[in-house]
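The values are calculated or read from the model by the stated rules, or taken from the named source; none is laboratory data. Predicted model only: the values in this text are computed from it and were never measured. Neighbour counts run over all protein chains shown; Cβ positions are idealised from the backbone, glycine included. All accessible areas refer to the heavy atoms of the entire protein, side chains included, with ligands and DNA or RNA removed. Shrake-Rupley method; radii C 1.70, N 1.55, O 1.52, S 1.80 Å.
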Amino acid sequence: MHLQESGEMYLESIYVMSKKGKVRSIDICDYMGFSKPSVSRAVALLKNGEYILVDAGGYITLTDRGLEIASKIYERHTLISEFLVRIGVSQQTAADDACKIEHVISPESFEAIKKHLAR
């Protein structure tokens, strides 16, 4: 199953929220500003794709597969955002633009940004 941009966004959000505690669907609704039906549908698709697990209490955890994708997207987001801020973009605009760029940037371009920031 190929994961679309929206699925990547959900995984990244779950990843970020799970660093602070347990995650349920309602937490995703609040965090992302989406409706309960939209989140329920996305959670079902991610579960069926074996990106997440949902326990009997409704708590969501990333599978190894989901964690790999989520951490990659999160790394892209943070580094692209940092790069944009360093070249003079405001914090908010950098974060907003990084959200869009993180899903379409080529591995080659991302690695170049990563190397540039390491200097």
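Could you tell me which residue of segment 18-36 is nearest to TYR74 (Cα to Cα), considering only residues that are open to solvent by 30 Å² or more (accessible area, probe 1.4 Å) and among the aliphatic types (A, V, I, L, M)?
MET32
Would you check if there is a residue in segment 37-55 being over 22 Å from LYS72 (Cα atoms) and of a type in the set (Phe, Trp, Tyr)?
no
List the number of the failed condition for SER71; all other conditions in (1) among the polar types (S, T, N, Q); (2) in a helix (DSSP H, G or I); (3) farther than 25 Å from LYS115 by Cβ hold.
The single condition SER71 does not satisfy is (3).
Would segment 55-67 turn up any residue that is closer than 30 Å to ARG119 by Cα and modelled with pLDDT of 95 or more?
So far as segment 55-67 goes, yes, one or more of its residues are closer than 30 Å to ARG119 by Cα and modelled with pLDDT of 95 or more.
Okay, residues lined up against (1) more than 15 Å from the chain's Cα centre (by Cα); (2) at pLDDT below 95; (3) of a type in the set (Asp, Glu):
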residue	(1), (2), (3)
ILE14	no, no, no
VAL23	no, no, no
ALA94	yes, no, no
HIS103	no, yes, no
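Every residue in segment 56-67 that is open to solvent by 50 Å² or more (accessible area, probe 1.4 Å) and of a type in the set (S, T, N, Q), please.
THR61
Can you tell me which residues in segment 89-102 are open to solvent by 30 Å² or more (accessible area, probe 1.4 Å) and in a loop (DSSP other than H, G, I, E, B)?
VAL89, SER90
Select, from GLY7, GLY49, the only residue that is at negative phi and under 13 Å from the mean Cα position of the chain (by Cα).
GLY7
For segment 68-88, state whether one or more residues are free of Cβ contacts under 8 Å to residues at least 60 places away in the same chain, among the small types (Gly, Ala, Ser), surrounded by fewer than 18 Cβ atoms within 10 Å (Cβ to Cβ) and on the phi > 0 side of the Ramachandran plot.
Taking every residue of segment 68-88 in turn, at least one turns out to be free of Cβ contacts under 8 Å to residues at least 60 places away in the same chain, among the small types (Gly, Ala, Ser), surrounded by fewer than 18 Cβ atoms within 10 Å (Cβ to Cβ) and on the phi > 0 side of the Ramachandran plot.
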